[in-house]
Amino acid sequence: MNDPNGMVFHDGTYHLFYQYYPEAKIWGPMHWGHATSKDMVHWKEQPIALYPDSLGYIFSGSAVVDVNNTSGFGKNGKAPLVAIFTHHNPVLEKQKTGRHEYQSIAYSLDDGVTWTKYNGNPVLPNPGITDFRDPKVRWYEPQKKWIMTLATKDRITFYSSPGLKSWSKESEFGVDAGAHGGVWECPDLLPLTHNGKQVWVLIVNINPGGPNKGSAGQYFLGDFDGKTFTAYSKETKWLDWGADNYAAVTFSNTGNRSLLMGWMSNWQYANQVPTDPWRSANTISRELGLKTVGKELYMTSVPAKELDAIKAAGYSKKNLAVKAPVDLAPKGGNASGLFRLDLKTATANDFELVLSNKEGNELLIGYDKASNQYYIDRTKSGKVDFEAGFGQKHLAPRLSSDTKIALTLIADAASVELFADGGLTVMTDIFFADTPLSGLSIKSAKGIQIEDLQYHALKPSIE
Ligand code: FRU
């Protein structure tokens, strides 16, 4: 799999579709796979939702609940789910027409189980832009119209529509803003509220050109008036500094909550990672917010509270002085598998968490005071030589000015998700240890006081 697609909450169920090639564990003719959940934690695999057709492969896109039946697809008072996706035509691609990507729609009247493609597809033809994809659609209530945020090569183009079947161009953003180390893909536009004021977030995934190489997600904060997005600043901010959170976008129809999920991989090595018979997974769901540091406003992301549903046994410690390594593995000495670690330090000094095994594999997660950076170092984490750039140390600036460091780590057998300072700095990295990393310890070259530490095993959540 790759990108999460069409994430939508409907009638008590979260739907997750995803880029999927069922015939092999490398990228190929894309389908939309499908999974459902009541809590974004326990997922149940469903039959494939969308298959490639004569118009092309089914690339990334979004889904909405068309509450007002603006599309006319609804029947007997039942609102349709409408998926808006990119058709990627491999025949036209070979002919190098530059017009091989266009936007199409499909609808479901049975809560996402079966889908009917609209016979008027494509609904947004290609005006001659090679990379023209990944529509993220939302309802813009003030003007009672749909807004499509589309990645168009080196910029975002906004379109609007009364009923999802025909689209008019509104504006463009970004040719002179943000990071341009690669093509722009998988955008999202969403409002968040900060101190009673509405702030619009424009998420733009980019590949390559991420802060730690390869694929990554940047965002801009600004205003949106139904036509134009005006950024407060043209500087990029990164929503995740790790190497493995790509194509992250939010669920649709979740009311006041903004819930983000990304694909835990990177195009730099996505087709090579040493797993079998599967490849790739998604991040946990993260709740988005806003926070100021000095005069600067940032988007924050923290684990969605639903994750607490799988909290299992654990322990807590108060006022722990750390210098030489302190063992943090729970009783029995085994921290392998899923766990959550929350800690708060008395000062912002160096420290390093070490996940390890008897084979000498080590995954290091820490904070370096001199450079004021967090890091995840996977150089010795096990299998790293399947791709030249995989075994590296990833860095992320500490943005917070708090004197204490608060940190949440969600660890799984092949991934870590780090949320520092209330989600101001986030890092997601995958790794492939030779045997499970069952050791967990913390050390500090200069010495540090941990005020509070909590460890919880997490129960596996696949149904
Ligand atoms: C991002 C992406 C999208 C595209 C899809 C194809 O990872 O390249 O831009 O729609 O994957 O699978």
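The values are calculated or read from the model by the stated rules, or taken from the named source; none is laboratory data. Source: prediction; values computed, not measured. Neighbour counts run over all protein chains shown; Cβ positions are idealised from the backbone, glycine included.
Some values worked out for this structure:
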read-out: Matching entry among A329, A324 (being within 29 Å of the chain's Cα centre (by Cα), outside any strand (DSSP E or B) and not assigned by TED's automatic domain parsing to the domain that holds L260); value: A329
read-out: Of residues in the range 52-64 being part of a strand (DSSP E or B) and more than 24 Å from the chain's Cα centre (by Cα), the one farthest from the ligand (Cβ to nearest atom); value: D53
read-out: Residue satisfying all of: in the range 18-29; out of contact with any Asp or Glu (no Cβ under 9 Å at 6 or more places or on another chain) and within 13 Å of the ligand (Cβ to nearest atom); farthest from Y118 (Cα to Cα) among these; value: I26
read-out: The range 38-54: number of residues that are buried (at least 16 other Cβ atoms within 10 Å of the Cβ) and of a type outside the set (A, V, I, L, M); value: 4
read-out: Strands (runs of 3 or more DSSP E) wholly inside the range 212-285 that include at least 1 residues being within 16 Å of the ligand (Cβ to nearest atom); value: 216-224, 246-250, 259-263
read-out: For K291: the one exception among (1) outside any loop (DSSP other than H, G, I, E, B); (2) crowded, with 23+ Cβ neighbours inside 10 Å; (3) charged (D, E, K, R); value: (2)
read-out: Set D402, D368, D429, D385: member being touching a Lys or Arg at 6+ places or on another chain (Cβ under 7 Å) and modelled with pLDDT of 95 or more; value: D429
read-out: Subset of the range 53-73 (residues that are over 24 Å from T149 (Cβ atoms) and free of Cβ contacts under 8 Å to residues at least 60 places away in the same chain); value: S54
read-out: Selection count, the range 352-406, where residues are touching a Pro at 6+ places or on another chain (Cβ under 9 Å) and among the hydroxyl-bearing types (S, T, Y); value: 2
read-out: Pick from the range 12-37, criterion under 26 Å from K459 (Cβ atoms) and over 19 Å from the mean Cα position of the chain (by Cα), ranking: surrounded by the most Cβ atoms within 10 Å (Cβ to Cβ); value: T13
read-out: Candidates G242, G262, G226, G214, filtered to the one that is within 30 Å of N195 (Cβ to Cβ), buried (at least 18 other Cβ atoms within 10 Å of the Cβ) and in contact with a Phe, Trp or Tyr (Cβ under 7 Å, 6 or more places away or on another chain); value: G262
read-out: Every residue from the range 187-201 that is assigned to a strand (DSSP E or B) and either under 23 Å from F390 (Cα atoms) or more than 16 Å from the ligand (Cβ to nearest atom) (or both); value: L189, L190, P191, L192, T193, H194, K197, Q198, V199, W200, V201
read-out: Test: residue in the range 37-45 that is part of a strand (DSSP E or B), within 14 Å of the ligand (Cβ to nearest atom) and among the aromatic types (F, W, Y); value: no
read-out: One residue from M30, M7 being within 23 Å of A309 (Cα to Cα) and modelled with pLDDT of 95 or more; value: M7
read-out: Answer from A79, A83, A49, A106 - the residue that is farther than 30 Å from Y269 by Cβ, within 16 Å of the ligand (Cβ to nearest atom) and at pLDDT 95 or above; value: A106
read-out: Test: V67 is assigned to a loop (DSSP other than H, G, I, E, B), more than 12 Å from the ligand (Cβ to nearest atom), surrounded by fewer than 19 Cβ atoms within 10 Å (Cβ to Cβ) and of a type in the set (V, I, T); value: yes
